[in-house]
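First comes the structure, then the notes that go with it.
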Amino acid sequence: MANMIEAQKIEGASVYGVTQVSYVVDGVSGHNYSSAIVAASFKHAVSIEAAASAYTVVVRQRETKVDELGQVLAILSEAVATMDPKSNNTDKESSAMAALSTARDICEKYGLTLKISNNKITYANAHKAQNDIEYALDVEDNNLQQDLVSLQSYITKRDNAYSTASKLSVKSAKATNSTIRNIM
């Protein structure tokens, strides 16, 4: 991989014995020092922006998973609420609910099992599924929190990189103006 910025000697050009150079930035020659620094700084900021964008996609996917698993828990709670509260039988069934089919599909999407039959679920299966889904939610929530911290770190780095690029641009322009004034 070639360097993004390369210095090229300008043949026969020297000032007080110092060889003068121009810069090649991303394959385009004839740039001065200021444009080379600004280009590198902004390129760095853009690369951080790309990484932050990738993390944003991951965070959105995790948020979707957490939301969908939360919906499954709500459906299971509703199904358990339809069961006879006085019975201690773990094989008691919920009322038939079309939403249980949707909940099963969501669980399968994330590698979880929800045993239903005729859009009904037994108390034992509902209880086991609730525990499995709560565990999956805890794991996903922890991962989501870690990804949010990483995303915030990338956003901070990106903001700092843009700020640095802007400051370098301003300093370079001031140095150029100062040099020109000193020569005159």
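The values are calculated or read from the model by the stated rules, or taken from the named source; none is laboratory data. Since the model is a prediction, treat every value here as computed from it, not as a measurement. In this analysis, Cβ positions are derived from the backbone assuming ideal geometry, glycine residues included, and neighbour counts consider all displayed protein chains. To get the accessible areas, we keep the full protein, side chains included, count just its heavy atoms, and leave off ligands, DNA and RNA. Shrake-Rupley method; radii C 1.70, N 1.55, O 1.52, S 1.80 Å.
Miscellaneous remarks
- Two-site label geometry, Asp132 and Tyr110: point separation in nm, points 7 Å out along Cα→Cβ: 1.2
- Charge context of Thr19, other residues only, Cβ under 12 angstrom, K/R +1, D/E -1: 0
- Modelled FRET efficiency - R0 25 Å, Leu168 with Ile10, Cβ distances, 0.05 increments: 0.65
- Farthest towards the positive end of the charge dipole of the chain, among the residues Gln146, Ala79, Asn160, is the Cα of Asn160, using unit charges on the Cβ of Lys, Arg, Asp and Glu.
- Seen from Leu168, the other residues with C-beta closer than 13 Å to its C-beta sum to a net charge of +4, counting Lys and Arg as +1 and Asp and Glu as -1.
- Net charge contributed by nearby residues that have their C-beta within less than 14 Å of Ser53 (K/R +1, D/E -1): +1
- Computed over the chain, relative contact order equals 25 percent, with contacts defined as Cα pairs under 8 Å that lie 6+ residues apart.
- In Hz, Karplus ³J(HN,Hα) per residue of region 78-84 (6.51, -1.76, 1.60; θ = phi - 60°; x = Gly, Pro): 5, 5, 5, 5, 7, 7, 5
- Taking the Cα centre of the chain as reference, the dipole from Cβ charges on Lys and Arg (+1) and Asp and Glu (-1) amounts to some 860 debye.
- Surface share of carbon and sulfur [accessible, 1.4 angstrom probe, percent] for region 137-184: 53
- C-alpha long axis of helix 123-183 to longest principal axis of the chain, angle in °: 10
- GNM top mover of Val28, Val80, Val58 - the chain, alpha-carbon springs below 10 Å: Val28
- The value given for the chain is a Kirkwood hydrodynamic radius of 21.8 Å, derived from the mean inverse Cα-Cα separation.
- Distance from the alpha carbon centroid of region 32-64 to that of region 140-172 works out to 8 angstrom.
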